[in-house]
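Inspection log for the structure reproduced underneath, given as structure tokens.
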Amino acid sequence: MNHKQIKVTVTRQLPEPVETRMKELFDVNLSNSSTPLTREQLLKNMKDCDVLVPTIGDKIDSNLIKESGKRLKLIANYGVGFDHIDVLNASKKGITVTNTPNVLTEDTADMAMALILIVPRRIKEGVKKLVDDTWDGWAPNALLGHRIYGKRLGILGMGRIGQAIARRAKAFGIQIHYHNRNRLPIKLEENLEASYWESLDQMLSRIDFLSINAPHTPSTFHLINARRLKLMKNSAYIINTARGEIIDENALTRMLRSKELAGAALDVFERGNEINPRLKELDNVFLLPHMSSATLESRIEMGEKVIINIQTFSDGHTPPDIIFNS
Ligand code: DGY
């Protein structure tokens, strides 16, 4: 099929090189806004294109899929997580869904590693002293944090990103523990010097840091709930660069406030950008606006993946990053 005949709608502004390439290749309808489309705009676009390129924040639920008409054949998601798309109903309707795995792995792992360091070493409080001009100079007891070296990191979800974090953490002298649906091949476990825990509960009670790296699915929603948070040591820290819905944010906030947990560094939140205001007040918490994969390189490579998925699909082949085939 001549790619120029394919009508592609992109829901948000993408990096300039990606948009330029899309314009060369497809009949593309680009967005000049960096905020998500309304439901009405999304539906209008879904009725009028062959390929939709959404991003996280564009909630494509079963009703939108049902109402989307007959033309839409591919949802080429710009992003790796696809919990905002009802892939099951898309597949029932004959719509293929793809995503952009691999290209965000190393950037996300870099940020997770930064977050592992930032709260135990009280970096936010140190920066605040300088900004507020309240630093009196070095003192033996000033801003004492906790040592990272030799501590135990529990990785919940040992996929590509979990493994990339394990590689980094190992180089910092951290002991690697993990819980995953499936155990890694022994060779890989040995390379990472990682200990597998079949029981998440048992792992939680023994670790010093918990890094969440699982996808958000019905079975991971609130996987880290109040009961499981209580299993963790009072001295433990939580790092989340995956999806906010995996942690019960209110329970976490309560436990951080009452010092039943030592701290948290979060890049994602249960209710998108509506963050529990009490979390923002805490010194032992460091929050980022979902930016773990935000490098120019990853965003361009995500665009390249979207383009390849559209091209292969239009040529009648299985796209490389297929999630669900129609
Ligand atoms: C994704 O692609 O799912 C990431 O969360 C975006 O940062």
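The values are calculated or read from the model by the stated rules, or taken from the named source; none is laboratory data. Just so you know, these numbers come straight off a predicted model, no measurement behind them. Using ideal geometry, Cβ is built from the backbone for each residue, glycine included, and neighbour counts are taken over all protein chains shown. The protein model used for the area step is the full one, side chains on, heavy atoms only, and it has no ligands, DNA or RNA in it. Shrake-Rupley method; radii C 1.70, N 1.55, O 1.52, S 1.80 Å.
Mind listing the long-range amide H neighbours of Asn29? Cut-off is under 5 Å, sequence gap 5 or more, other chains count too, H placed in the peptide plane at 1.01 Å from N.
When sequence neighbours closer than 5 places are left aside, the close amide H contacts are Val8, Thr9, Val10.
Tally up the carbon and sulfur contribution to the accessible surface of the stretch 188-245 as a whole percent, 1.4 Å probe, everything protein left in place.
On the way: 1280 of 2540 Å².
Summing carbon and sulfur atoms, their accessible area is 50 percent of the total for the stretch 188-245.
Sorted by average packing, counted as other Cβ atoms within 10 angstrom per residue and highest first, what order do 136-148, 226-238, 274-286 take?
Ranked by mean Cβ neighbours within 10 Å, highest first: 226-238, 274-286, 136-148.
Is it possible to state the helix-based mean residue ellipticity at 222 nm for the chain, with each DSSP H run of 4+ residues giving -39500 (n - 2.57), the sum divided by total residues, to the nearest 500 deg cm²/dmol? What is it?
The helix-only estimate for the chain comes to -10000 deg cm²/dmol at 222 nm.
In nm, give the distance between the simple-model label positions of Lys47 and Ser199, each being 7 Å from the Cα along the Cα-to-Cβ direction.
5.6
When the Karplus curve 6.51 cos²θ - 1.76 cosθ + 1.60 is applied with θ = phi - 60°, which whole-Hz ³J(HN,Hα) does each residue of the stretch 111-120 get, with x for Gly and Pro?
Result, rounded to whole Hz: 5, 4, 5, 4, 5, 5, 7, 5, 7, x.
Rg and Dmax in Å for the stretch 171-326, alpha carbons only: what are they?
18.4, 58
Where Lys and Arg each count +1 and Asp and Glu each count -1, what net charge lies around Asp283 among other residues with Cβ under 9 Å from its Cβ?
So the environment of Asp283 carries a net charge of +1.
Can you give me the long-range amide H partners of Val285? Hydrogens built in the peptide plane at 1.01 Å from N, cutoff under 5 Å, separation of 5 or more residues or another chain.
Counting only residues 5 or more places away or on other chains, the set is Ala264.
Taking 0.36 nm per intervening residue step and subtracting the Cα-Cα distance, what contour gain separates Asn63 from Leu287 on full extension?
Working it through step by step, the gained length comes to 77.3 nm.
Once you've got the GNM for the chain with C-alpha springs shorter than 10 Å, pick whichever of Leu153, Leu74, Leu117 has the biggest mean-square fluctuation.
Leu117
Applying 1/(1 + (r/R0)^6) with R0 = 22 Å to the Cβ-Cβ distance of Asn2 and Glu304, what FRET efficiency is obtained, to the nearest 0.05? Present the calculation step by step, with values, prior to reporting the outcome.
Working: r = 21 Å, r/R0 = 0.94.
Taking R0 as 22 Å, the efficiency between Asn2 and Glu304 is 0.60.
Quick check on packing: order 287-299, 162-174, 43-55 by the mean number of other C-beta atoms within 10 Å, highest mean leading.
Working: 287-299: 16.3, 162-174: 19.5, 43-55: 21.4.
Per-residue Cβ counts within 10 Å, averaged per peptide and sorted highest first, yield 43-55, 162-174, 287-299.
Starting from the Cα of Arg278, step 7 Å along the direction of its Cβ; do the same at Ser258; then give the gap between the two resulting points in nm.
Result: 1.0 nm between the two label points.
Contour minus end-to-end for Glu16 and Ser33, with contour as 0.36 nm per residue of separation and end-to-end as the Cα-Cα distance?
4.8 nm
Modelled label-to-label distance, Arg183 and Trp138, 7 Å Cα→beta-carbon offset: nm?
4.9
Order the following by accessible area, largest value first: Glu189, Glu16. Probe radius 1.4 Å; ligands, DNA and RNA are ignored.
Glu16, Glu189
Compute the helix-to-body angle for 123-132: its Cα long axis versus the longest principal axis of the chain, expressed 0 to 90° and rounded to tens.
Rounded to the nearest ten degrees, it is 90.
Looking at the chain as a GNM with Cα springs under 10 Å, which of Val28, Val306, Val131 has the largest mean-square fluctuation?
Between Val28, Val306, Val131, it is Val131 that shows the largest mean-square fluctuation.
For the stretch 105-287, with only Lys/Arg (+1) and Asp/Glu (-1) charged at the beta-carbon, what is the dipole magnitude about the Cα centre, in debye rounded to 20?
Using only the charged Cβ atoms, the result is roughly 440 debye.
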